[in-house]
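J.: Next up is a structure, given as structure tokens.
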Ligand code: GLY
């Protein structure tokens, strides 16, 4: 059974953190409608949706991915790189305790889940404005005993590692090679984003379904051409908050 932890779009979303984008008005009702459709797509893909308590006063709280990394053996509760986001983690930990033993990332480490890409037993960790070398060190110390290899990667020009690359299969990634060095993933099947769709590398694989953002049809077509079972999801409003598809859930195998 798969459980997808999600959290409602907060009333304060218009005050979200922004790193690479200018602030543009967010239609909160449309954002909520799109978020419901995202949850429905996860449900159709086989997930039970478990909603975390709403946190209207925390502007980025819909982006639950950044608060936790859940593996079969353990869950890591992060220490988000943006100070405004640190109060998001206790409510996530309270729920994840039902499913896993927890390990907490501690100061001076910072680590966002959006910087952590797991492909099988390999874990790639973005070194970004949100994840520092101590975050990488603490995550490595937590995961190596379980047999994971952990590798630091430096994305450029984007918020998180998973803005630049995500997995669409056990050995395939969709990647924007302008934002991360493609040689890091040599030996895997690489599908590059369409050049007109720089933010299209963030896809969300759930079992045999891959969710792609509706704003990036050309990259989705590349995936379909490779035999990938693609479901399109419109996430345009939360994209204005620098949130993408993986950002809005934490998937737990229960
Ligand atoms: N607004 C998404 C983030 O900065 O974490």
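Here, each number is a calculation from the coordinates, and none is a lab measurement. In this text the structure is predicted, and so the values were computed from the model without any measurement. Methodologically, a virtual Cβ is constructed for each residue, glycine included, from the backbone with ideal geometry; neighbour enumeration extends over all protein chains shown.
J.: Let me know the shape class of the stretch 64-137, please: from the alpha-carbon gyration tensor, a ≥ b ≥ c as square roots of the eigenvalues, rounded when a/c is under 1.5, otherwise prolate if a/b is greater than b/c, or oblate.
T.: oblate
J.: Okay, next question. Which percent of Cα pairs goes in each bin when the distances of the stretch 27-154 are cut into 5 angstrom slices starting at zero?
T.: Cα pair-distance distribution for the stretch 27-154, in percent: 2, 10, 19, 21, 20, 15, 9, 3, 0, 0.
J.: Let me ask something else about it. Return a whole-number percent for the relative contact order of the stretch 83-198, with Cα pairs under 8 Å and 6 or more residues apart as the contact set.
T.: 19 percent
J.: A further question follows. With no solvent and one point on each alpha carbon, what is the Debye value of log10 I(q)/I(0) for the chain at q = 0.10, 0.17 Å⁻¹?
T.: Each listed q maps to, in turn, -0.42, -1.43.
J.: Using a basic spin-label model with each label point 7 Å from the Cα along Cα→Cβ, how many nm lie between residue 141 and residue 2?
T.: 3.3 nm
J.: Could you work out [θ]222 nm for the chain from helices alone, using -39500 (n - 2.57) per DSSP H run of at least four and dividing by all its residues? Round to the nearest 500 deg cm²/dmol.
T.: Helix-only estimate at 222 nm: -6000 deg cm²/dmol.
J.: Still on this structure, I have one more. Find how many whole Å separate the alpha carbon centroid of the stretch 102-160 from the alpha carbon centroid of the stretch 191-205.
T.: The two parts, judged by their Cα centres, are 22 Å apart.
J.: If you stretched the chain out fully between residue 57 and residue 103, how much longer would it get, using 0.36 nm times the residue separation minus the C-alpha to C-alpha distance?
T.: Residue separation times 0.36 nm, minus the Cα-Cα distance, leaves 14.0 nm.
J.: Assuming a viscosity of 1.567 mPa s and a temperature of 4 °C, what translational diffusion coefficient in µm² per second does Stokes-Einstein assign to the stretch 12-95, Rh being the Kirkwood radius over Cα pairs?
T.: For the chosen part, D equals 90 µm²/s.
J.: Something else about it: If you count the DSSP beta bridges with both ends in the chain, what percent of them are antiparallel, to the nearest 5?
T.: Antiparallel bridges make up about 50 percent of those DSSP assigns within the chain.
J.: Return, ordered by residue number, the residues of the stretch 56-96 whose backbone nitrogen is under 13 Å from a label point located 7 Å along Cα→Cβ of residue 32.
T.: It comes to 56, nothing else.
J.: Using the Cα gyration tensor of the stretch 165-232, with a ≥ b ≥ c the square roots of its eigenvalues, what is the shape: rounded (a/c below 1.5), prolate (a/b larger than b/c) or oblate (neither)?
T.: In terms of gyration-tensor shape, oblate.
J.: Over the stretch 81-215, what portion of Cα pair distances is larger than 25 Å, expressed as a whole percent?
T.: Tail fraction, whole percent: 28.
J.: Find the relative contact order for the chain and round it to a whole percent, using C-alpha pairs within less than 8 Å whose residues are 6+ positions apart.
T.: Normalised by residue count, the contact order of the chain is 23 percent.
J.: Rounded, prolate or oblate: pick one for the stretch 91-133, where a ≥ b ≥ c are the square roots of the eigenvalues of its C-alpha gyration tensor, a/c under 1.5 means rounded, and failing that, prolate if a/b is larger than b/c, else oblate.
T.: The shape class here is oblate.
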